[in-house]
Amino acid sequence: MTQIKKVEIHEFTHSVKNLGLLTNANTIGAVGYAKGQITKMDKYAIVVETDDGCRGEYVTHWGGNQAACAQSKMLAPKLLEYNAEEREKIYDDFKRELRQFDHMGHGPLDIALWDWAGKKLNCSISILLGSYRKRLPAYASTYHGDRNGGLDSKEAFGDFAFQCLDMGYKAFKIHGWHEGNAKEEAENVLYVAKHVGNKMTLMLDPACQLRTFADALYVGRACDDANFFWLEDPYRDSGVSAFSHKRLREMIKTPILQTEHIRGIEPKCDFLIAGGTDFLRSDPEYDMGITGAMKISHLGEAFGIDVEIHACGPAHRHVMAATRNSNFYEVALVGPDCPNTMAPVYTCGYTDMIDCIESDGCVPVPTGIGLGVIYDWDYITANTTNISIYE
């Protein structure tokens, strides 16, 4: 066993061009196309060092906001009580520690411990997990619709779907407008399907913006007509009501994808048993790390259903590489004339920008040791706003 002797949390910011806030919430989901604007995003990096000098690293990809960072800071000093190999024990203890919170700060610490394990054993995380595949079919997951000249109409969504098809994408997911206008959303679904539906697998994620159950039913029936692969988090229950989504499942044909906003294996299992979803969602940043995400993969396997990995990043690729029952890797968020919001923290060529796919429409799984990426610590240090060290 190898004692953890130091944990570092490096908070930093980075700027993204041609993106602005479409709502008053400073989150990734609120960001959309705004030509000429620059938006600053918060991220943080974790370093876990053991008494033999080995270190595990992880830079947050999706959930690295200030609220998640505060939870990581709550847990980080407690890591000094453990050996780095004790990921299962740490998972169990930390799940209890954050029982009054949303668990968002737990995942980055667990991912850093998996990176440490890979480096300690000189192999990739996907090999440690029991690799099932080396290439992941990807879908383009759009920014929310805007009113700024980007994805501002059904025609713009259709044109962008064609652009993604030409790049090699075989699947395309729409995030509609923040207004949650059911008629506009349904028209967009039908328009995009008419233009690319015979060439691409299509999905819809209103991100809980439709106002009522009736709106969700109206848009869901449009998804039926358009033969969509799934409908995800449609309306303002915030994605947590198993009862309402069971009713929706009974009234439409399109499969429902839920549980992005429910943390961990036990409540996801409850939601599934209650009949609230056809697919499960998991995310190593959201669901208490790679340890937690793999539990969800196996939960889905036990029930004979698929588990779709939310968002993107090197940890997400390793989880999907070891998950048989998963269909698509989410390249998120993308749009015309703008980057995604991931920080440029890699010196090894790793990317989740829109052009990360290869000619077969897939992304590769990193093959290096640990996460298989090399971080640009010069960039992180140059943009650091605060460092917390626990030893």
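Read-outs throughout are calculated quantities, based only on the coordinates presented, and are distinct from any laboratory measurement. Treat the numbers as computed from the prediction; the structure is a model and nothing was measured. FYI the Cβ positions are ideal-geometry reconstructions off the backbone, even for glycines, and counts take in every protein chain you see.
Largest GNM mean-square fluctuation across E301, E260, E88, computed for the chain with C-alpha springs under 10 Å, falls on E88. Contact order, relative form, for the chain: 22 percent (alpha carbon pairs under 8 Å, 6 or more residues apart, mean separation divided by residue count). Quick one: length gained pulling N26 to E155 fully straight, 0.36 nm per residue minus the C-alpha distance? Stretched out fully, the N26 to E155 stretch lengthens by 43.7 nm. Taking the longest Cα principal axis of the chain as reference, the axis of helix 182-196 is set at about 90 degrees. Size descriptors for the stretch 263-391, from the alpha-carbon set: Rg then Dmax equal 16.7, 49 Å.
The label-point distance for I374 and F162, in a model that sets each label 7 Å from Cα toward Cβ, rounds to 4.2 nm.
The value for the chain of Rg(Cα) / (2.2 N^0.38 Å) is 0.95. Each stretch of four or more DSSP H residues adds -39500 (n - 2.57); spread over every residue of the chain, this sum gives -10500 deg cm²/dmol at 222 nm. Each label was represented as a point 7 Å from its Cα along the Cα-to-Cβ direction; for I387 and A302 these points are 4.4 nm apart.
Our estimate of slack between E85 and I273, defined as 0.36 nm per intervening residue step minus the Cα-Cα distance, is 64.4 nm. Overall size of the stretch 11-116 from C-alpha positions, given as principal axis extents largest first: 48, 32, 17 Å.
Which residues in the stretch 255-282 have a backbone N closer than 19 Å to a point placed 7 Å from the Cα of M74 along the Cα-to-Cβ line? Backbone N within reach: 261-267.
Taking a ≥ b ≥ c as the square roots of the eigenvalues of the Cα gyration tensor of the stretch 248-325, is the shape rounded (a/c under 1.5), prolate (a/b larger than b/c) or oblate? In terms of gyration-tensor shape, prolate.
Here the spin labels are modelled as points 7 Å beyond Cα on the Cα-Cβ line, and at M1 and R133 they lie 3.9 nm apart. As a ratio to 2.2 N^0.38 Å, the alpha-carbon radius of gyration computed for the stretch 68-136 takes the value 1.22.
Counted over the chain, the DSSP beta bridges are approximately 60% antiparallel. Convex hull volume of the C-alpha atoms in the stretch 198-311, normalised per residue: 97 Å³.
For the chain, the longest principal axis of the alpha carbon atoms and the long axis of helix 154-167 meet at an angle near 50°.
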